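This report concerns only the one structure given below.
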Amino acid sequence: MIAWLRNPWGRPRALAFVTGAYIIWSIVPVGIAILFAFNAGRSRTTWQGFSFRWFTGSTGSVFHDPALQSALKHTLLLAAITVVIAVPLGVTLALGLQRWRGRGSGSVNTMMLLPLVTPEIVMGVALLLLFLKVFPSIGLGTKAQAIGQVTFTLSYVVVIVRGRLVSIGREYEEAAADLGAPPHDQILRVLLPLLAPAIVASAAVVFALSIDDFVVTQYLSGDASTTTVPMLLYATARGAPSPALNAIATIALLITLATLALAFFVYKRFAGGGGDAAVAAIMEV
Amino acid sequence: MPTHGEIQLEELTKRFADVAAVDGIDLHMPPGEFFTMLGPSGCGKTTTLRMIAGFQRPTSGKILLDEVDVAQVPPHKRNVNTVFQNYALFPHLDVAGNVGFGLKYLRCTKDEQRKRVAEALDLVQLCDFARRKPAQLSGGQQQRVALARALVLRPRVLLLDEPLGALDARLRKGLQVELKTLQAELGITFVFVTHDQEEALTMSDRVAVMNGGRVEQAGTPREVYEEPSTVFVADFLGVSNLLTGEASADGDGCALRVGERTFRARQGATSERGEVKAMIRPERIAVEEHGTVGENRMPGLVERAVFLGNSFELHVRVVGGDLLKVTMPNDGTGIPVEEGTAVALHLPAEALRVLAPSSPPVEVA
């Protein structure tokens with residue numbers, strides 16, 4: 001037995017075992033949760049047959065329960081707003097930081113990475129105080145939630161787009177300038193088309209981050225209409241459980257996975273080599 | 001003779017932090033000529049080219065393009081175009097899109113744009129490739145697209161940054177000839193940057209040999225090869241033998257005392273006195289029968305004889321310890337030599353060149 005495990009010419013079996021055990025440990029609970037979204041009964045622990053009733057049934061299903069529907073809609077709305085604001089802003093910042101080679105550029109670059117490592121709860125509390133005390137006119141609710149999500153997703157856009165910018169280098173802009181293109185045309189006709197894969201990928205990452213976010217969104221929420229899917233799941237998971245929660249969680253998971261798969265595909269397919277930072281950022285989500 | 005496309009660099013300097021990449025150079029690039037800046041990496045040739053293109057802003061000095069100083073003009077407003085070392089073709093545009101990129105800024109009609117793109121592609125024989133993307137082309141084809149993209153704008157000066165560097169040897173040879181022919185036909189001033197001395201000699205009307213941010217010597221290929229004024233130029237262009245000796249007056253040349261022997265030298269800085277270096281090319285040394293005596297002759301022993309087909313390359317150890325490289329043509333007239341043969345070497349006075357000590361003040365051709 002020991003010899004079989006330790007055989008230096010064989011496959012690394014101990015390693016394979018640990019890896020396999022981890023994958024099962026991490027996937028099986030999610031799989032079971034998804035499975036019970038299709039349970040025919042009310043139970044979330046006892047299998048009573050296959051059905052779509054928690055998705056499309058006439059009572060208590062995702063498509064007919066007003067609370068669940070409102071949460072899904074608000075989640076998607078927030079994600080859309082966040083993408084629309086964070087992506088153009090992040091691309092602009094990335095372009096600016098790439099050009100800025102003077103004093104202070106190094107520390108700004110490091111600070112751009114801070115939101116990636118700041119505990120989300122710290123950022124949530126800080127933003128809550130900001131909207132309550134400094135900008136009470138904005139108040140809590142959709143606006144505050146969107147601003148909060150833009151704040152912490154912006155860094156991902158900057159990191160992904162800058163990774164691509166570094167691998168593109170300056171030569172294409174120089175070539176465009178050489179051929180007579182003024183600075184804005186160097187960006188519009190050359191840089192943006194070359195950055196397109198990174199922009200699409202970062203939009204997908206921001207979208208996925210927004211859908212999954214709980215802490216910041218929870219802190220900055222206002223009334224019941226600003227409840228998102230993760231908030232709803234948290235609030236009702238222990239109180240009034242029903243397989244409809246599993247159903248809505250399944251939908252959220254599918255949207256996230258589909259977006260990330262799209263991001264990964266677009267980046268790999270169109271960006272060619274380089275830009276490992278972007279791939280790492282996508283995987284990190 | 002073309003009347004425009006003249007470049008005059010005056011006291012041009014570029015510093016990066018404390019390092020002078022280009023250290024106050026003066027160069028005249030006459031209109032319609034093939035001008036080459038030659039030197040090892042880090043000599044400042046590419047930085048100079050990038051300043052002419054406008055990508056680098058000079059620390060000080062002037063860049064006169066047809067007598068107008070363009071040193072502070074941004075690159076998109078200069079009537080010079082560049083062929084980049086790795087071509088920098090836009091990967092998202094096809095060949096026609098790349099070649100037509102700059103025409104948008106020349107205020108010509110769509111029809112004229114199409115016509116000029118077609119002409120430019122015809123010039124580089126790539127008409128059938130208009131719809132290909134750069135990634136679908138070979139290195140040589142990409143190089144032609146880069147050339148067409150620059151020439152379609154009819155620049156006064158075309159800048160070429162080691163454009164043959166990424167190609168294999170056989171392709172290089174062909175493109176060297178093509179580039180030179182194209183330049184002669186178009187009459188556009190070409191400013192070419194390379195570290196390959198053979199490329200510089202075969203293609204150029206004029207060569208500036210650069211080292212350490214300065215111009216060591218500028219002149220025609222024959223001048224810089226046959227009449228190098230510094231040790232660096234002599235060494236960088238081809239193979240040369242260097243002798244160190246004491247120079248003293250001797251008629252119209254000078255007498256060079258090397259160890260026990262005295263040579264007469266009639267070329268170069270013959271008015272120098274004291275310790276100097278003198279050079280002679282391997283092909284200018286004559287190999288004679290052992291025992292031959294006379295002016296500028298000395299005995300030696302062949303240490304290595306390499307047969308190269310059309311010539312022999314000999315390493316001859318002379319009395320005093322110096323090792324001289326000698327190229328002996330295989331024309332049937334030479335004496336038979338092999339390793340260990342004792343010979344006499346003749347270093348003709350009119351081929352022995354006294355070099356100025358280290359970098360002289362920059363001279364402009």
For residue B:159, which of the numbered conditions (1) farther than 25 Å from residue B:114 by Cα; (2) within 14 Å of another protein chain (Cβ to nearest Cβ); (3) of a type in the set (A, V, I, L, M, F, W, C) fails to hold? (1)
Look at segment B:36-89 and say how many of its residues are buried (at least 18 other Cβ atoms within 10 Å of the Cβ) and hydroxyl-bearing (Ser, Thr, Tyr). 6
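Quick check, is residue B:268 of a type in the set (Gly, Ala, Ser) and over 13 Å from residue B:352 (Cα atoms)? Give the derivation first.
Values: of a type in the set (Gly, Ala, Ser): yes; over 13 Å from residue B:352 (Cα atoms): no.
For residue B:268, the condition - of a type in the set (Gly, Ala, Ser) and over 13 Å from residue B:352 (Cα atoms) - is not met.
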Checking the conditions here, which among B:116, B:132, B:144, B:172 is more than 12 Å from chain A (Cβ to nearest Cβ), assigned to a loop (DSSP other than H, G, I, E, B), among the basic types (Lys, Arg) and free of Cβ contacts under 8 Å to residues at least 40 places away in the same chain? B:132
May I ask you to list the residues in segment B:211-228 that are surrounded by fewer than 23 Cβ atoms within 10 Å (Cβ to Cβ), under 18 Å from residue B:269 (Cα atoms) and not aromatic (Phe, Trp, Tyr)? B:219, B:222, B:223, B:226, B:227
State which residue pairs qualify: first residue assigned to a helix (DSSP H, G or I) and inside segment A:12-33, second residue surrounded by fewer than 10 Cβ atoms within 10 Å (Cβ to Cβ) in any location, beta carbons under 8 Å apart, and separation of 6 or more residues or different chains. A:13/A:4
List the residue pairs whose Cβ atoms are under 7 Å apart, where the first residue sits in segment B:85-107 and is at the interface with chain A (Cβ under 7 Å from one of its Cβ atoms), the second is assigned to a helix (DSSP H, G or I) and polar (S, T, N, Q), and the two are 6 or more positions apart or on different chains. B:90/B:98
What is the number of the single condition among (1) of a type outside the set (S, T, N, Q); (2) assigned to a strand (DSSP E or B); (3) surrounded by 13 or more Cβ atoms within 10 Å (Cβ to Cβ); (4) without any contact (Cβ under 8 Å) to a residue 60 or more places away in the chain that residue B:324 does not meet? (4)
So which residues in segment B:164-202 are of a type in the set (A, V, I, L, M) and under 14 Å from residue B:224 (Cα atoms), if there are any at all? B:200, B:201
How about segment B:30-78: which of its residues are within 13 Å of chain A (Cβ to nearest Cβ) and touching a His at 6+ places or on another chain (Cβ under 9 Å)? B:54
Tell me yes or no: at least one residue of segment A:195-218 is assigned to a loop (DSSP other than H, G, I, E, B), touching a Gly at 6+ places or on another chain (Cβ under 9 Å) and within 14 Å of chain B (Cβ to nearest Cβ). no
Please determine whether any residue of segment A:207-226 is surrounded by 20 or more Cβ atoms within 10 Å (Cβ to Cβ), hydroxyl-bearing (Ser, Thr, Tyr), under 30 Å from residue B:90 (Cα atoms) and in contact with a helix residue (DSSP H, G or I) (Cβ under 7 Å, 6 or more places away or on another chain). no
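Every number here is computed from the coordinates shown, using simple stated rules; none is lab data. Small disclaimer: the values here were computed from a predicted structure and weren't measured. Cβ atoms come from the backbone with ideal geometry, glycine included; neighbour counts cover every protein chain shown.
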